[in-house]
Amino acid sequence: MKILQAQGIKIKVCYAQLQKRIIKVGMLFVQNITNLEVYVGYRTSASAVLIAEDRIVSENLLPGFDFE
């Protein structure tokens, strides 16, 4: 824990708050290949990634990480 002081105001900052880590998520999808779009198309895969991110955040599985 670190204590910052400016103009007579003390702020306690946890070390985890100072160093946010970023997870960059990249996605690759098929396009115009009808038999594959059902499995690895944008509609199914993008929503799965967003659901996973929401669950990771709500269950606090990766504290100190942000997603891009």
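The values are calculated or read from the model by the stated rules, or taken from the named source; none is laboratory data. A quick note: this is a predicted structure, and the numbers were derived from the prediction, not measured. Cβ atoms come from the backbone with ideal geometry, glycine included; neighbour counts cover every protein chain shown.
Couple of notes before you dig in:
- Whenever a residue of the range 32-45 is on the phi > 0 side of the Ramachandran plot, it has no partner that is among the β-branched types (V, I, T) lying with C-beta atoms less than 9 angstrom away and at least six residues away or across chains.
- With a requirement of 2 or more residues that are touching a Leu at 6+ places or on another chain (Cβ under 7 Å) and at pLDDT 80 or above, none of the helices (runs of 4 or more DSSP H) lying completely within the chain satisfies it.
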